[in-house]
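One structure below.
Just so it is clear, none of the values below were taken in a lab; they were calculated from the coordinates. If you're wondering where the values come from, they're calculated on a predicted model, not measured in any experiment. We place every Cβ from the backbone using ideal geometry, glycine too, and count neighbours over all the protein chains shown.
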Ligand SMILES: Cc1ncc(C[n+]2csc(CCOP(=O)(O)OP(=O)(O)O)c2C)c(N)n1
Ligand SMILES: Cc1ncc(C[n+]2csc(CCOP(=O)(O)OP(=O)(O)O)c2C)c(N)n1
Ligand SMILES: [Mg+2]
Ligand SMILES: [Mg+2]
């Protein structure tokens, strides 16, 4: 069992005065909330890592280490009525939407009380009450689906925006093209965050596409495209906010490319031996959480104690979450046979 | 039965001095060959129209009237070792590759002696000896296939270029994106002609994409994109030639957008009532054959008699082709059961 | 009411459901101004407006994907495939997104995917397919294939109201070839219920779609010879009405499953397998399938005639089996 | 030769064919530097070079499409699906381009599409599928699913040499769980020939893939009870070895078809249908299918165990049928 402080990272190794992040109007409290979610994202994944090493996780474990700013910053720009389709590396986005750590832990451990009751794993669950659509493994497929969410929202006069993510690798799928083109032609309120972390499993971007910036592709659909520093949570937040507001105002879809880096292998089993070590070192210095800590401290938005307290709170919370998740039993076998169809009045 | 002269179009209504087409090095004889193929393309389709009205055609009839310059000009830029994947409106391209009118006529009439023996219709046949790949109806699907042809050619050191076509509507398919991206990443010798004729069945380009120029999409794949006047056979030829040479030299794929217009309905049954009449009138004046006639005559590259003689020869030829095609019987029923599998030594 | 054609019934069902329920809307290619390749939706754009009659780019996967998203939001989308053959381009969205959603995370996906299926119109390999066997395997889907005017109407209404993804395959050969009365009132036809189209004593023909009419015509012809055919019209392919299937087998003890599909891996095979497992003791003879040969659909009329089951072929098969 | 694992046999077959024939090359995701998600091709890039080990973008449809084009040009492409579940994204290219080409215009398409299939590894709905029933219906395709080391080797070599499109489904549960000798010499296994894995008198279990081992273990257990099981390993799903199927039915007169698929629309159903049509007079009892329930593949071990057929379930089924 984790104990208080166990998962504290080293705090802002060197406080560089003047760590420059994007300009924002966000007040101190909300910036601290961003910090909270990024840290929560990482600390939940650290706990999941422990559970994995203890053999408690069923199947693979996927980490978003180094990409927390992209998930958290983009999700934080959404309103309650908006709908999001996270991918497997968007745990942070889900936490912002109100997903509890225990839910994800139980998913990974295939427990009976997990949101899917053990029927599916990892982040593969959704809940429209919280504006969350579950992804499927087939990359790209969620893009047209979220375009349809946006279309429906407009039809229903709900004034919502649909947002989803795609990796650099996922941009090569037919659904990326069909979905984004359909969204553009129908001018629906849709935002696509292309999470450019340099790798698709072992495949570098250079073998995935012949261009440097995924945002270039926006022009192919007649929509705005923007490149943001994906390790600057404020930059991601502001860019997403702008795109979301444009979409809400009837301006149609936006493609945002968030440049970041996958700090671990594709999944826990993958040591990423194919990634040049220098890349890790280079990006370690750009760690989005440490950069944000330096920003907060350097600009007098928070004291070390305030940050330590946030971390300590999370740590205590996660102890309870882990305990709860571990205590949940495995699902009863008969559940395997239930729930394929929604009951229907017009069908046997 | 058609008689001599029956299908002569009115020749170059007004010879405008200075009908300006793209600059070319092509000598007179070869320009007359281009004229021959464009005229052949149209006259074969006129004969097919007659057969259709006589109830001899099985199923639908598709016309490329007004788009002959795109088919003929692009196909004419290929070398014998190159491989082409024509679509249903690229009869002209096939004629340039050596397809005989009777072959297409028999395809449309589902005759026993058609290239597919009656198993498939219209332009749905191929012959790799003539560098022709048969399309399938699913739009876009031939793009990755031709990328694979280009890949194989390079592996085999064949120094060939693969070329295929896509309509404005077909650009919305997932295979357009996957195929072009794959071709770009692998840098294979591939040329894609986007035939922008304004309509996809009844759907105008504005409902197909949010951009004006399909060529814009080349940038999404990091390859050159070019817009050409699709009703100027010399412009199409020169642009294709340039792209083919670049591909052959190892420069990778090119996307050429050929701006033209579909002068009939989607198929013979469709009166295209949804197309504003003015468009037809406007584009009638840009008829690619008449423009080329004006170019040839206006620039002293041919006399009226020379052109009339070409037309007359085609007319005589087509009489024979029609007779031959009509004389062919319907296929024997038992053929329906043959030819599903290639005989194999490693399989029952 | 005056009798209407099969295609008019399809059109009417769409019209009535759109009138009745604002959540119903359509996605498809050329369904707006043009009214669809077969004119099923002509007049819809004027009446219902562009918000509910959505013309799409040529993107089957995105059309179905968007329908899934809209359905999760509480809409009732109906996707038209211009020809059902193109459903192959949306295969992944249908089997991997629409179908397992309810099981995986409890979210229903009430979409309908419909379009013209079937051959005998010389459409060749890509405009003649019967794709039901590609989908009857997938848990979470429902698949219907009406063979009559009333079923075309009632099953489409049910498909739209059903809270699960339903594939509705309309047979284009029947579009303008059969007429019938539209039922008074709602006319709903329950999904999953077969219809005993003709009672008989000697042998059961289990079928659906256009082949229903082949079976009925053969039944008439054989009556003269003193052979009494029972004809069961499945109407729904998934879920199969196993009770009705077993009931007719128990009654006649001889069965032919007649469908317009290539034989191997056909829906007819699933029907035969269920009979072989659950009605074995009632059988007096082998369970025969009369389907198409295992070839693509050929184009030329002489070839397609050889390819398709027809009355003569069925009559011959019945005689063979009756004398078993 | 020392015994090797199933996955080593897959790897060896690819290696040997690439050594033997320059026309063989591979397309796939992460098959180069990384050697594939399951390391089937590790070392291939160094040995055969990037011209023949082609890493592709995440584009299943284009991967198969490109393979089709290359095959038409005389190459022998092998496409790796990282997990076979993603073959759904290439469905249209496989059934509409690769399969009917030979019939439509005489052009052969010698491609192989292969990848890890099957469950029992807690991969949930998208990393556990057995897609054979989505493809056994399509004329022009061949489908194989080896259950032993020797067949994994011999059928892959045959698949590569076969001039038709062949889908090769390797069962990931067997990858490192079974070992066997690689045959001396060529070791080709003919496509379309089943293997009588165990002779028996009382009842036939017809199966393939990972379920073969369930059948063999059950046979051992039942022998103690004096029930003698015959086990037929289909190995090839399309074309089915109907002769071998009918032969074992004639011999034992009792059949269970055991496969790891959802029951409805399964390959097991096609096998049962053929038995019901062609071996009716030899049957002493109903033809039973023991497959998975009609649900997506669940994730949690307790659920997946309930979902999958296993030795206990088979033994129970055999007892039930033996006492019929
Ligand atoms: C259609 C499809 N093909 C293959 C896969 C297997 N796969 C899972 S993740 C992955 C790499 C994804 O890379 P990227 O899109 O860049 O996302 P990242 O992992 O970097 O977040 C692949 C190939 C898949 N999930 N879907
Ligand atoms: C994947 C797919 N969906 C739908 C169709 C039906 N269809 C046939 S032609 C056509 C319009 C094609 O328009 P475009 O690509 O612009 O080519 P054009 O007819 O203008 O030459 C459509 C929708 C198809 N053939 N393939
Ligand atoms: Mg990536
Ligand atoms: Mg067009």
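Could you run through region C:272-317 and say how many residues are closer than 27 Å to residue D:101 by Cα and touching a residue at least 24 places away in the same chain (Cβ under 8 Å)?
Residues in region C:272-317 being closer than 27 Å to residue D:101 by Cα and touching a residue at least 24 places away in the same chain (Cβ under 8 Å): 18 in total.
Across region A:219-249, what is the number of residues that are within 14 Å of chain B (Cβ to nearest Cβ) and either at positive phi or surrounded by fewer than 24 Cβ atoms within 10 Å (Cβ to Cβ) (or both)?
4
Evaluate the following for residue C:173: is it out of contact with any helix residue (DSSP H, G or I) (no Cβ under 7 Å at 6 or more places or on another chain) and touching a residue at least 40 places away in the same chain (Cβ under 8 Å)?
yes
Please verify whether residue B:33 is surrounded by fewer than 18 Cβ atoms within 10 Å (Cβ to Cβ) and without any contact (Cβ under 8 Å) to a residue 24 or more places away in the chain, treating the condition exactly as stated.
no
Looking only at region D:209-240, count how many residues are in a helix (DSSP H, G or I) and surrounded by 24 or more Cβ atoms within 10 Å (Cβ to Cβ).
6
Taking the stated definitions as given, is residue D:137 touching a strand residue (DSSP E or B) at 6+ places or on another chain (Cβ under 8 Å) and free of Cβ contacts under 8 Å to residues at least 24 places away in the same chain?
Yes; evaluated as a whole, the condition is true for this residue.
Examine region B:117-134 for a residue that is within 16 Å of ligand 2 (Cβ to nearest atom), crowded, with 24+ Cβ neighbours inside 10 Å and more than 9 Å from every other protein chain (Cβ to nearest Cβ), and state whether such a residue exists.
The answer is yes; a qualifying residue exists.
Looking for something within 30 Å of residue D:51 (Cβ to Cβ), under 23 Å from the mean Cα position of the chain (by Cα), more than 9 Å from chain A (Cβ to nearest Cβ) and crowded, with 24+ Cβ neighbours inside 10 Å - is there at least one such residue anywhere in region B:199-217?
No, there is no match, as no residue in region B:199-217 is within 30 Å of residue D:51 (Cβ to Cβ), under 23 Å from the mean Cα position of the chain (by Cα), more than 9 Å from chain A (Cβ to nearest Cβ) and crowded, with 24+ Cβ neighbours inside 10 Å.
Identify the single condition in (1) under 15 Å from the mean Cα position of the chain (by Cα); (2) assigned to a loop (DSSP other than H, G, I, E, B); (3) crowded, with 22+ Cβ neighbours inside 10 Å; (4) within 16 Å of ligand 3 (Cβ to nearest atom) that residue A:140 does not satisfy, given that it satisfies every other one.
Unmet condition: (1).
Taking the condition of being surrounded by fewer than 24 Cβ atoms within 10 Å (Cβ to Cβ), within 18 Å of the chain's Cα centre (by Cα) and away from ligand 2 (no atom under 16 Å from the Cβ), how many residues in region B:147-197 meet it?
Of the residues in region B:147-197, 0 are surrounded by fewer than 24 Cβ atoms within 10 Å (Cβ to Cβ), within 18 Å of the chain's Cα centre (by Cα) and away from ligand 2 (no atom under 16 Å from the Cβ).
Given the condition farther than 20 Å from residue D:192 by Cβ and more than 22 Å from the chain's Cα centre (by Cα), answer yes or no: does some residue in region D:78-92 qualify?
no
Conditions tested, residue by residue: (1) in contact (Cβ under 8 Å) with a residue 24 or more places away in the chain; (2) surrounded by fewer than 17 Cβ atoms within 10 Å (Cβ to Cβ).
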site	(1), (2)
B:287	yes, no
B:290	yes, no
B:296	yes, no
B:300	no, yes
B:308	yes, yes
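Out of (1) more than 7 Å from every other protein chain (Cβ to nearest Cβ); (2) within 12 Å of ligand 2 (Cβ to nearest atom); (3) in contact with a helix residue (DSSP H, G or I) (Cβ under 9 Å, 6 or more places away or on another chain), what's the single condition that is false for residue B:139?
In the conditions (1) more than 7 Å from every other protein chain (Cβ to nearest Cβ); (2) within 12 Å of ligand 2 (Cβ to nearest atom); (3) in contact with a helix residue (DSSP H, G or I) (Cβ under 9 Å, 6 or more places away or on another chain), residue B:139 misses (1) alone.
Here are some conditions: (1) within 16 Å of ligand 3 (Cβ to nearest atom); (2) in contact with a strand residue (DSSP E or B) (Cβ under 9 Å, 6 or more places away or on another chain). Residue B:172 meets all but one. Which one does it not meet?
Of (1) within 16 Å of ligand 3 (Cβ to nearest atom); (2) in contact with a strand residue (DSSP E or B) (Cβ under 9 Å, 6 or more places away or on another chain), only one is false for residue B:172: (1).
If a residue must be away from ligand 4 (no atom under 16 Å from the Cβ) and within 14 Å of chain B (Cβ to nearest Cβ), how many such residues does region C:17-39 contain?
8
Please go through region B:176-198 and pick out each residue that is away from ligand 4 (no atom under 16 Å from the Cβ) and within 12 Å of chain A (Cβ to nearest Cβ).
B:177, B:178, B:179, B:180, B:181, B:182, B:183, B:184, B:185, B:186, B:187, B:188 - these are the residues of region B:176-198 that are away from ligand 4 (no atom under 16 Å from the Cβ) and within 12 Å of chain A (Cβ to nearest Cβ).
Just name the residue that is surrounded by the fewest Cβ atoms within 10 Å (Cβ to Cβ) out of those in region C:55-77 that are within 8 Å of chain A (Cβ to nearest Cβ) and over 24 Å from the mean Cα position of the chain (by Cα).
Only one residue tops the list, namely C:74.
Quick check, is residue B:65 within 18 Å of residue B:102 (Cβ to Cβ) and in contact with a helix residue (DSSP H, G or I) (Cβ under 8 Å, 6 or more places away or on another chain)?
The answer is no for residue B:65.
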